[in-house]
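Undergrad: Got a structure for you, questions after.
The values are calculated or read from the model by the stated rules, or taken from the named source; none is laboratory data. This one's a predicted model, so the numbers in the text were calculated from it and none came from an experiment. Methodologically, a virtual Cβ is constructed for each residue, glycine included, from the backbone with ideal geometry; neighbour enumeration extends over all protein chains shown.
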Amino acid sequence: MQVLRTESPVLEVSELAYATQEGKLLAKGISFQLHLGETLLVGGANGAGKSTLLRVLVGQHRPLKGTLTHRLPASSIAYIPQLQNTEFHLPLCLGDLLPTTDISAISEWGLLEPSQLALAWNTASGGERKRALLTRALLQHCSVLILDEPFNHLDRESKIQIQKALSRFIAAGDKSLIVVSHDVPPDWQRLKSIRLGDDEC
Amino acid sequence: MLALLSIYKFTILAGAVLAPALALLGCQLAARDRAVQTLCVAQGATLGVLLGIGVLHYSNVAESNVHYSTILSGFMVSVLTFYAGNRLVAHRLSSRNSYFTALFVILLAAASLVSAVFPALETHLAQVFFGDLATLTDRDSAITFVVGVLVLFWLVRSWRSMVDDSFSLMILGLPRSERSFDFISLLLLCFSVQFVGFLFTAACLFVPTTLLGLARGIGLKAHLLLCALMASFSVAMGFAFSLWQTHLPTVPTIVFVLAVCTAGVALSRGR
């Protein structure tokens, strides 16, 4: 892994503008820096381009203009978008999604019980699916975690479990988090935010 | 019966190796919601093979050269179909299968027109559609066996990353580089359509994974393993059955055995 000087941002965005695939301008003039240990909160109304911004950050959507500088290899960035489909043709169970079968490593994050690993993806609840996807990302030892609405449609218990896991993820100070959400716990430190759809970004 | 089995032993072996390769590929194609697109591309390969046969016959090329040369024309038309289809559905999240179905119907009509334009193509049209394992020469069987083994090796070796890619594509909407997957899939499709026909190819691709999808409590590895085993077993059993009941056509018998055996396994696990 690339060693960074603590003052160097892992991600630097300057004067970014991007549009929908049909060419409708979604946002412009977005600038921010993200350092290790920081959390960036992305807010804004529906349709303001929050999810598209995340896709721009991971290189899946081409911006119209502006610069985007990553100082970490792509393999150290994990991105969990909102689910496109809920049903999968193959009979996957939640354990199949994880990069390890080491129960202690999986349980360490407190998101999945060993008994839940055998649950079929297609019959698991929304909360179990989200917790499995997050466990997968956390077990990949990423440095930057990018999450699109991780708390949407979750019951209170799942929400608390995910918030705790994310708190642990950023607590060490050598990881960064980018989150589209309105449900960030008040105890999260080094929080930055941008709001899309407003004049100032 | 035993004498016939002895004559066709290499053909049966070749089919029993090619079928699981197709079945495992079909699992990934179905997981990527590409079943209709694959039928469309296979129809493109069919058209290409017919066009190749027609043009080469028209040019009085020897029959032995026609057989292998048409793999190239089949591959070219299937690649064209693949890219044209992708262009057609680019950025469309819904109704993709409607576009592919429309393209399939147009290609089906084109195949019929080609068989009308070039003389004596009707027999080839039936051969490419319904195939006939019994007409494979020993050389064809040897080639089919080698291709099946190679593709099977690739699929077994990389099943884990393929499943991950299929999941990322379909559930998370994350694009993955599919170049090598697409290239090998297209090659196998063209080869299979040319050597064993459209029906055998499509059946081995999608019947096992679809019917086993009805079963409850079968895990991922068991699903993949059963798909491969059922395809291989059904080729051997179906072929042997058609040798015993000589009036039955080989490939439709194999497809029927495949459907019945796979459905039996699926239903025995409960729905």
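Undergrad: Among the numbered criteria (1) away from chain A (no Cβ under 14 Å); (2) under 28 Å from A:Pro91 (Cβ atoms), which one does B:Val89 miss?
TA: (1)
Undergrad: Among A:Glu15, A:Glu22, which is within 14 Å of chain B (Cβ to nearest Cβ), surrounded by fewer than 14 Cβ atoms within 10 Å (Cβ to Cβ) and of a type in the set (Asp, Glu)?
TA: A:Glu22
Undergrad: When the residues of the stretch A:166-182 are filtered to those that are among the small types (Gly, Ala, Ser) and surrounded by fewer than 20 Cβ atoms within 10 Å (Cβ to Cβ), which remaining residue is farthest from A:Ser193 (Cα to Cα)?
TA: A:Ala172
Undergrad: Between a first residue in the stretch A:134-153 that is without any contact (Cβ under 8 Å) to a residue 60 or more places away in the chain and a second residue that is of a type in the set (Asp, Glu), which pairs have beta carbons less than 8 Å apart while being 6 or more apart in sequence or on different chains?
TA: A:Phe151/A:Asp183
Undergrad: Also, quick follow-up: Is there a residue in the stretch B:97-110 that is small (Gly, Ala, Ser) and in a loop (DSSP other than H, G, I, E, B)?
TA: Looking for residues that are small (Gly, Ala, Ser) and in a loop (DSSP other than H, G, I, E, B), one finds none in the stretch B:97-110, hence no.
Undergrad: Do we have B:Ala23 as in contact with a Cys (Cβ under 9 Å, 6 or more places away or on another chain), assigned to a helix (DSSP H, G or I) and at negative phi here?
TA: When the stated conditions are applied, B:Ala23 passes them.
Undergrad: Among A:Leu111, A:Leu133, which is the only one that is of a type in the set (A, V, I, L, M, F, W, C), part of a loop (DSSP other than H, G, I, E, B) and more than 20 Å from A:Leu34 (Cβ to Cβ)?
TA: Criteria check complete, one pass: A:Leu111.
Conditions (1) out of contact with any Cys (no Cβ under 8 Å at 6 or more places or on another chain); (2) of a type outside the set (A, V, I, L, M, F, W, C), marked per residue:
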| residue | (1), (2) |
| --- | --- |
| B:Val196 | yes, no |
| B:Leu205 | yes, no |
| B:Leu214 | yes, no |
| B:Leu220 | no, no |
| B:Phe233 | no, no |
| B:Phe241 | yes, no |
| B:Val257 | yes, no |
| B:Arg269 | yes, yes |
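Undergrad: Exactly one of (1) under 13 Å from the mean Cα position of the chain (by Cα); (2) loosely packed, with under 14 Cβ neighbours inside 10 Å is unmet by A:Ala78. Its number?
TA: For A:Ala78, the failing item is (2).
Undergrad: Take the conditions in contact with a helix residue (DSSP H, G or I) (Cβ under 6 Å, 6 or more places away or on another chain), in a helix (DSSP H, G or I), of a type in the set (Phe, Trp, Tyr) and touching a residue at least 60 places away in the same chain (Cβ under 8 Å) and apply them to B:Phe181. Does it pass?
TA: When the stated conditions are applied, B:Phe181 does not pass them.
Undergrad: Regarding B:Ile171, is this residue within 12 Å of chain A (Cβ to nearest Cβ), of a type in the set (Val, Ile, Thr) and part of a helix (DSSP H, G or I)?
TA: Yes, satisfied.
Undergrad: One residue is enough: does the stretch B:204-215 have a residue meeting the conditions of a type in the set (Val, Ile, Thr), farther than 29 Å from B:Phe75 by Cβ, surrounded by fewer than 22 Cβ atoms within 10 Å (Cβ to Cβ) and facing chain A (nearest Cβ under 10 Å)?
TA: No, the stretch B:204-215 contains no residue that is of a type in the set (Val, Ile, Thr), farther than 29 Å from B:Phe75 by Cβ, surrounded by fewer than 22 Cβ atoms within 10 Å (Cβ to Cβ) and facing chain A (nearest Cβ under 10 Å).
Undergrad: Now for a separate question. Looking at B:Ser141, is it of a type in the set (S, T, N, Q), within 14 Å of chain A (Cβ to nearest Cβ) and in a helix (DSSP H, G or I)?
TA: no
Undergrad: Of the residues that make up the stretch A:135-156, is at least one in contact with a Gly (Cβ under 8 Å, 6 or more places away or on another chain), modelled with pLDDT under 90 and within 27 Å of A:Gly49 (Cβ to Cβ)?
TA: The answer is yes; a qualifying residue exists.
Undergrad: Could you look through the stretch B:222-252, keep only residues that are at the interface with another protein chain (Cβ under 9 Å from one of its Cβ atoms) and surrounded by fewer than 22 Cβ atoms within 10 Å (Cβ to Cβ), and pick out the one that is nearest to B:Gly44 (Cα to Cα)?
TA: B:His223
Undergrad: Going residue by residue through the stretch B:11-18, is there one that turns out to be modelled with pLDDT of 95 or more, part of a helix (DSSP H, G or I) and within 14 Å of chain A (Cβ to nearest Cβ)?
TA: no
Undergrad: Counting only residues that are within 16 Å of B:Ile171 (Cα to Cα) and at pLDDT 90 or above, which one in the stretch A:53-81 is nearest to the other protein chains (Cβ to nearest Cβ)?
TA: For the stretch A:53-81, the residue satisfying everything is A:Pro81.
Undergrad: What's the total number of residues in the stretch A:101-125 that are within 14 Å of chain B (Cβ to nearest Cβ) and surrounded by 13 or more Cβ atoms within 10 Å (Cβ to Cβ)?
TA: Adding up the residues that qualify gives 6.
Undergrad: Pick from the stretch A:82-105 the residues that are in a helix (DSSP H, G or I) and out of contact with any helix residue (DSSP H, G or I) (no Cβ under 6 Å at 6 or more places or on another chain): which of them is farthest from B:Gln28 (Cα to Cα)?
TA: Filtering first and then ranking leaves A:Ser104.
Undergrad: A follow-up question, please. Go through the residues of the stretch B:203-211 one by one and say whether even a single one is among the polar types (S, T, N, Q), closer than 27 Å to B:Ile143 by Cβ and not in a helix (DSSP H, G or I).
TA: No, that holds for no residue.
Undergrad: Also, quick follow-up: Testing A:Thr86 on (1) away from chain B (no Cβ under 11 Å); (2) more than 27 Å from A:Lys175 (Cα to Cα); (3) surrounded by fewer than 16 Cβ atoms within 10 Å (Cβ to Cβ), one condition comes back false. Which one is that?
TA: All conditions pass for A:Thr86, except number (1).
Undergrad: May I ask you to list the residues in the stretch A:114-130 that are of a type in the set (Gly, Ala, Ser), in contact (Cβ under 8 Å) with a residue 24 or more places away in the chain and not in a loop (DSSP other than H, G, I, E, B)?
TA: A:Ala118, A:Ala120, A:Gly126, A:Gly127
Undergrad: Sticking with this structure for a sec: Restricting attention to the stretch A:37-52, does a residue exist that is in a helix (DSSP H, G or I), away from every other protein chain (no Cβ under 14 Å) and at pLDDT 90 or above?
TA: Checking the stretch A:37-52: at least one residue is in a helix (DSSP H, G or I), away from every other protein chain (no Cβ under 14 Å) and at pLDDT 90 or above.
Undergrad: Within the stretch B:42-50, can one find any residue that is at pLDDT below 90, away from every other protein chain (no Cβ under 14 Å) and on the phi < 0 side of the Ramachandran plot?
TA: The answer is yes, given that some residue of the stretch B:42-50 is at pLDDT below 90, away from every other protein chain (no Cβ under 14 Å) and on the phi < 0 side of the Ramachandran plot.
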